[in-house]
Structure formats: C-alpha cells, structure tokens
C-alpha cells in the first residue's frame with residue numbers, strides 16, 4: 001500500500017471518505033485519478049483537472065457496488081442525504097371534486113407534489129433541505145434531533161430505490177393531477193359551465 005494511501009486512511013472516517021468522493025462527483029470539477037478498495041472502503045486519489053470523465057465515474061459506481069451495505073453504514077454511503085431533502089405531510093383522502101380542486105391549487109405552487117401509497121395520501125414538499133445537515137452530510141443536531149427523525153428507519157429508503165417506485169399514484173404537476181381528475185370524474189368540466197351560467 002502506498003504511503004499516500006496509508007496517510008489518507010489514517011485521517012479519514014468512512015463517512016468522510018464517502019462525502020469527499022461524492023462531493024467531487026457532484027461538483028464535476030475534478031477528475032478521478034485512481035480508486036482503491038481498502039477494507040471495503042473506497043478511497044479516491046483526486047487531482048484537479050477539468051470535468052469528471054464518464055468512464056471513471058462508471059468505474060467508481062461499480063466499485064461502490066462491491067461494498068456490503070447494512071443499515072449501520074447505509075447513511076454514510078448515501079449521496080446527498082436524500083431523506084433530509086423534502087418533507088411529507090399526511091393528508092385526508094380526497095373524495096370529492098372540491099377536495100381535488102384544493103389539491104390542484106396546491107400542486108400549482110413550486111415544490112409541491114402529491115402521492116398515494118399503502119399508508120394513504122401525502123403532500124410532498126420537495127427541495128426543502130434540512131438546515132441542520134453539515135457539509136459532510138451528517139446531522140448537526142443529532143443528539144437533540146426531533147422525534148420524527150429518531151423514528152425514521154433506513155431499512156427501505158431512497159438509497160435502495162427511488163421513492164416513486166412505491167407510490168400507487170404520483171402527481172408532480174397541475175397537468176398530471178388534472179388528467180387524473182378528468183379520468184376519475186366524467187363531468188369534471190360541467191361544474192365550470194354551471195358557474196358560467198350555461
């Protein structure tokens with residue numbers, strides 16, 4: 001093992017290694033010079049040179065797959081702390097045209113989406129990153145984090161697959177929800193004609 005690699009390993013934790021690697025991939029301003037697998041960890045020897053090359057990125061992703069992921073190390077391997085980038089709010093099941101009208105109004109606003117899964121209907125507020133996430137992707141208030149954070153389980157999370165895969169219904173725009181409403185309610189537009197006096 002080269003002296004440079006030994007020195008780097010002695011200074012970095014698993015989370016720091018992963019964060020350093022991911023931050024450089026996301027920035028796209030460095031090139032991956034070499035990737036080493038050491039004791040199940042990935043360590044990158046980074047040199048600042050232009051844009052990250054696609055084939056190097058693929059090799060790094062392939063190397064990541066070699067790491068055995070467990071609930072204990074999953075969060076340190078997650079890029080972008082995905083579970084802390086949005087909030088969800090359980091809502092009453094919409095049943096009437098009026099209920100869906102309210103959802104249409106809400107989804108017309110930036111960063112608002114809706115989904116239905118096995119647990120019911122939810123409003124999803126995206127691009128709402130937690131302000132306590134540190135530069136290394138750790139929780140800055142871990143010891144006093146809210147109970148909802150403490151109760152969160154990473155057994156099945158966005159690290160494993162995209163959240164959308166578990167949705168029965170998903171609406172990320174006015175158009176998507178409006179299309180659904182028109183299929184659900186055959187007389188969807190009739191109410192507008194009543195208002196117009198026709």
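A crude spin-label estimate for the pair residue 127 and residue 85, with each label 7 Å from Cα along the Cβ direction, gives 1.2 nm.
With the simple spin-label model, which puts each label point 7 Å out from Cα in the Cβ direction, the residue 68 to residue 96 separation comes to 5.7 nm.
For the pair residue 153 and residue 135 in one chain, pulling the backbone fully straight at 0.36 nm per residue adds 4.2 nm over the alpha carbon distance. Here residue 182 and residue 106 are evaluated by their C-beta separation; at R0 = 22 Å the FRET efficiency comes out at 0.75.
Taken together, the values in this text are just the output of simple stated rules run on the coordinates, not laboratory data. Since this is a predicted model, take the numbers as computed values, not measurements. Note: ideal-geometry Cβ built from the backbone for every residue, glycine included; neighbour counts use all protein chains shown.
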